[in-house]
Amino acid sequence: MTQTDPLARKLRDGLERLGAALRADQWAALADAPLNPTQAQILNFLVKRGGARVGAVAAELGVSQPTATDSIAALERKGLAQRRAETKDGRATLIFATARGRALNETLQTRVGATDRALAALDPAEQAQLLALFINLIRNLQLEGAIAPQRLCVTCRHFRPYAHDDANAPHHCAFVDAAFGGAALRLDCPDHEEAKEAEEIWLKFSRGAPTGDAAREAVP
Ligand code: SF4
């Protein structure tokens, strides 16, 4: 399939509609908050990462550094974020969410919109299938350099796809030494470590479940 195929265009149209619904949800969730969606996205990123440089914020949002700097400055003025020197000479700085910023972010993350309800209406198998498709799409965009590297299981050195002969929990996380199912695949895991053999991991994952002995041999 190429980008000009009717099906590819239809899929992009579908994504655009979902994006519009998400944006509407974001504005509705922020109706009584002193933030716009970009500032809310940065605040959530700072909370999840425990602090980040301006360059990392810009890469995550897919915007220029001056644009990210403006939004961060707005968060600082509102007392939701602050800068701290990362090095003794003060040349490198990290941006953190303040306690007030973390509390506001927690409140915002609990708000439920139409997109959440539409996703919840899917049955668990459909949700797991959708998650696998999202992972595939995010990985493709990442390979194209269109989005910043995400902390996905499928690019993590601790990930052992289809290591267990168990349809409900076929994967293994070597970091916590536990089996898990497709619905628990992570898109943003704080324990993620980039795998050197990411392509090999992806091939194993995308091939699907091996059979019998091959599955049991996969756990080191
Ligand atoms: S450490 Fe996190 S990203 Fe890596 S395999 Fe385990 S759960 Fe997935």
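The values are calculated or read from the model by the stated rules, or taken from the named source; none is laboratory data. From a predicted model like this one, the values you see are computed outputs, not experimental measurements. Methodologically, a virtual Cβ is constructed for each residue, glycine included, from the backbone with ideal geometry; neighbour enumeration extends over all protein chains shown.
Scan segment 161-173 and tell me whether some residue there is in contact with a Ser or Thr (Cβ under 9 Å, 6 or more places away or on another chain) and not assigned by TED's automatic domain parsing to the domain that holds GLN26.
Checking segment 161-173: at least one residue is in contact with a Ser or Thr (Cβ under 9 Å, 6 or more places away or on another chain) and not assigned by TED's automatic domain parsing to the domain that holds GLN26.
How about segment 41-98: which of its residues are more than 23 Å from the chain's Cα centre (by Cα) and of a type in the set (Gly, Ala, Ser)?
Matches in segment 41-98: ALA73, ALA74, GLY79, ALA85, GLY90, ALA92.
In the list ARG117, ARG100, ARG83, which residue meets the criterion of being touching a strand residue (DSSP E or B) at 6+ places or on another chain (Cβ under 9 Å), without any contact (Cβ under 8 Å) to a residue 40 or more places away in the chain and away from the ligand (no atom under 16 Å from the Cβ)?
Matching residue, one of ARG117, ARG100, ARG83: ARG83.
With the requirement that a residue be at pLDDT below 95 and surrounded by 15 or more Cβ atoms within 10 Å (Cβ to Cβ), what does segment 71-92 give you?
Within segment 71-92, just ARG83 meets the criteria.
When both residues are 6+ apart or on different chains and their Cβ atoms are under 9 Å apart, which pairs have a first residue that lies in segment 49-67 and is more than 18 Å from GLN82 (Cβ to Cβ) and touching a residue at least 40 places away in the same chain (Cβ under 8 Å), and a second that is crowded, with 16+ Cβ neighbours inside 10 Å and among the basic types (Lys, Arg)?
GLU60/ARG49
Across segment 189-209, which residue is modelled with the lowest pLDDT among those that are under 23 Å from PRO124 (Cα atoms) and more than 9 Å from the ligand (Cβ to nearest atom)?
Of everything passing the filter in segment 189-209, ALA209 is modelled with the lowest pLDDT.
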